[in-house]
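Quick one: the structure is below, and I'll ask about it shortly.
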Amino acid sequence: MQITAASDSSWHNQLQTKWGVPFDVAIQSVDGAPIASSLPTWFFVHGFNSEPGSLLNLITAVEQQLETLPGYGPFQILTLDWSGGARNLLTVEDVIPRVAEWAANQLRSHEFNGSSLNLVGHSFGSYVADEIAEFLSKVNSMVALDPAEEIPLVGSYDATDSVNFAQHSRWSWSLIDGAELNFNNATTAATAREAFVLEGVGSFDPFTSHREVPAVFANLLNRHYQDFQIAELLDDQPGPWQQDRFNKSGAPVVQGGFEAVINVVNANEPGVVEFYSLDSGHRTRLHTGTQGVDRLVGNEGADMLDGLAGDDVLDGGAGIDVARFTAVRENYAITSTSGGFTVAGSEGLDTLSNIERLYFVDVNVALDVNGAAGNTAKIIGAAFGPASLANRGYVGDGIRLFDSGKSMNDVAALVVNSVPFQQLAGSTDDVAVVTHLYKNVTGTAPSVAEVNYFLNLLDNGMSHADLLVLAANNELNVQHIDIVGLSQSGIEYV
């Protein structure tokens, strides 16, 4: 792969710094292909004291993903060479708007549409990309890699006031070096739709760390980290994390601007990703395998294990742990074993232990029948009838309540006060509730004596929620919901 100047001279120009010093700018194509406005376009913008070739490994990683993206079709990759203006520490900020305006005008004059543009910028190049996006009203996507801190005293560009990656694109990511000494602007990075902190990138030298951020992103792509693939950037959907749960140093906070922390090893190799799960609310460690055989082991907290391809061994350890897969549920066979489960599919045969949940593309499966999944099934069976276990939404709501720390009585109280329960019972009075629960558990209507027995319990202080818990734990209810069968297959939920 090589970066080639366009034969059309309109893609080249000479601009000037604020001191009248001329420098060249050019929009270039990769591999010498003619520039075409009709194609989806990926536009890479290098950073301070750099040139387009510095992003070649990242460009290659993106290109390889696009070539295998189902239904994506032909595309092109362009770069913006503004190296002459990016070298001088005293003037680099001043030329950002000038370079961006020229590039945007060239794209506009050649009939490019912002909706087909995807911009990737590093350092001050992130701001050039954002300015281009703003000039074009909005672009499809943006990735900002360690957007640079303004230069004290001599800098003339107010990035904090000017830049908003989310506002100027349909979807955006940013990645920053989380070291105490760094060269990024966390405020601008946090304007991305999803922002991530890198821990351990580069070295103790902030210059090296700043340069290594594009390499980390390239390795996230190359190592097939599910949540950082180009398809995820383009799908309009957030990742599995709660928003804004970390600050710029990677510390957990209530409102911090960053979604996840990516631990980096060996300068630029991604390791464990930490986030607060959107599904369970728990702080979760994501472990990602390779395309070969892996053994992934969680810790005492919540873990998510992505084995990827190969016959992997996945051990969640303590906590509520998830094994995640890359296709829809029907593509896999789940089998109960003496030590846990196996899951067989296109990725291989994975052997699971201490795994409570399976995540597929279209649905989740809860395996912890002795925990939240079983309690949810028993509550639903007694309150709504065994057939309602097919309601994946009900099951998901129940599991999340138990995962958040709710007790059986807490969940039962919410259920008996819900509109669906009261509609099925026909009334909120004691007789209606007793009759409804009795029918769900036994399959028949109660006799007068049986109704009176339970009314007496209610008269002596038992609540409707207590009665639901009693019904849920009844052996007949356990049999009707087939808790033994569920322990072999799990229960689906969304």
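Restricting to the stretch 253-276, and then to whatever is surrounded by fewer than 20 Cβ atoms within 10 Å (Cβ to Cβ) and in contact with a strand residue (DSSP E or B) (Cβ under 6 Å, 6 or more places away or on another chain), can you tell me which residue is nearest to VAL322 (Cα to Cα)? Break it down stepwise before answering.
As a first pass, look at the stretch 253-276 and keep what is surrounded by fewer than 20 Cβ atoms within 10 Å (Cβ to Cβ): 253-255, 263, 265-267, 269, 271-272.
Okay, now just the ones that are also in contact with a strand residue (DSSP E or B) (Cβ under 6 Å, 6 or more places away or on another chain), so 263, 265, 271-272.
Values: ASN263: 19, VAL265: 24, GLY271: 17, VAL272: 14 Å.
This residue is VAL272.
Return a yes/no flag: does the stretch 102-120 have any residue that is basic (Lys, Arg), part of a helix (DSSP H, G or I) and open to solvent by 50 Å² or more (accessible area, probe 1.4 Å). Spell out how you get there, then give the answer.
Within the stretch 102-120, the first condition is being basic (Lys, Arg), and the residues that meet it are 108.
The next check asks that each one be part of a helix (DSSP H, G or I); those that pass are 108.
Next, from what is left, pick out any that are open to solvent by 50 Å² or more (accessible area, probe 1.4 Å): 108.
Yes: the stretch 102-120 contains one or more residues that are basic (Lys, Arg), part of a helix (DSSP H, G or I) and open to solvent by 50 Å² or more (accessible area, probe 1.4 Å).
If I filter the stretch 5-26 for residues that are under 28 Å from ARG223 (Cα atoms) and in a loop (DSSP other than H, G, I, E, B), do I get at least one hit? Steps first, answer last, please.
Going residue by residue through the stretch 5-26, those that are under 28 Å from ARG223 (Cα atoms) are none.
No, every residue in the stretch 5-26 fails to be under 28 Å from ARG223 (Cα atoms) and in a loop (DSSP other than H, G, I, E, B).
To continue, here is another question. Residue by residue through the stretch 219-243, note down the ones that are of a type in the set (A, V, I, L, M) and not in a helix (DSSP H, G or I). Walk me through it before giving the result.
Narrowing the stretch 219-243 to residues of a type in the set (A, V, I, L, M): 220-221, 230-231, 233-234.
Selection gives LEU234 alone.
Going through PHE43, PHE75 one at a time, which residue ends up being out of contact with any His (no Cβ under 6 Å at 6 or more places or on another chain), open to solvent by 40 Å² or more (accessible area, probe 1.4 Å) and of a type in the set (A, V, I, L, M, F, W, C)? Can you show your working first?
On the way: PHE43 fails: open to solvent by 40 Å² or more (accessible area, probe 1.4 Å).
Every option except PHE75 fails the conditions.
Do you know which of the residues in the stretch 212-252 that are among the charged types (D, E, K, R), within 17 Å of GLN65 (Cβ to Cβ) and at pLDDT 95 or above is most open to solvent (accessible area, probe 1.4 Å)?
Checking each candidate, the answer is ARG223.
Can you find even one residue in the stretch 326-339 that is outside any loop (DSSP other than H, G, I, E, B) and within 30 Å of LEU424 (Cβ to Cβ)? Show your work before the answer.
Step one: of the stretch 326-339, the residues outside any loop (DSSP other than H, G, I, E, B) are 329-331, 333-337.
Adding the requirement that they be within 30 Å of LEU424 (Cβ to Cβ) leaves 329.
There is at least one residue in the stretch 326-339 that is outside any loop (DSSP other than H, G, I, E, B) and within 30 Å of LEU424 (Cβ to Cβ).
Inspect the stretch 291-299 for any residue being assigned to a strand (DSSP E or B) and in contact with a Gly (Cβ under 7 Å, 6 or more places away or on another chain) and give the result as yes or no. Break it down stepwise before answering.
Filtering the stretch 291-299 for residues assigned to a strand (DSSP E or B) gives 295-297.
If we keep only those that are in contact with a Gly (Cβ under 7 Å, 6 or more places away or on another chain) too, we end up with 296-297.
Within the stretch 291-299 (the criterion being assigned to a strand (DSSP E or B) and in contact with a Gly (Cβ under 7 Å, 6 or more places away or on another chain)), the answer is yes, since at least one residue qualifies.
ALA383 versus (1) among the small types (Gly, Ala, Ser); (2) within 25 Å of the chain's Cα centre (by Cα); (3) buried (at least 19 other Cβ atoms within 10 Å of the Cβ): which is the lone unmet condition?
Every listed condition holds for ALA383 apart from (2).
A further question on this structure: Determine if the stretch 417-440 includes at least one residue that is outside any helix (DSSP H, G or I), of a type in the set (Asp, Glu) and either open to solvent by 50 Å² or more (accessible area, probe 1.4 Å) or out of contact with any strand residue (DSSP E or B) (no Cβ under 7 Å at 6 or more places or on another chain) (or both). Break it down into steps so the answer makes sense when it comes.
So in the stretch 417-440, the residues outside any helix (DSSP H, G or I) come out as 417-418, 426-429.
Among the residues that remain, those that are also of a type in the set (Asp, Glu) are: 429.
Subset that is either open to solvent by 50 Å² or more (accessible area, probe 1.4 Å) or out of contact with any strand residue (DSSP E or B) (no Cβ under 7 Å at 6 or more places or on another chain) (or both): 429.
Checking the stretch 417-440: at least one residue is outside any helix (DSSP H, G or I), of a type in the set (Asp, Glu) and either open to solvent by 50 Å² or more (accessible area, probe 1.4 Å) or out of contact with any strand residue (DSSP E or B) (no Cβ under 7 Å at 6 or more places or on another chain) (or both).
The values are calculated or read from the model by the stated rules, or taken from the named source; none is laboratory data. Note that this is a predicted model, so its numbers are computed, not measured. Ideal geometry is used to build each Cβ from the backbone, glycine not excepted, and the neighbour counts take in all protein chains shown. With ligands, DNA and RNA removed, areas are computed over all heavy atoms of the protein, side chains included. Shrake-Rupley method; radii C 1.70, N 1.55, O 1.52, S 1.80 Å.
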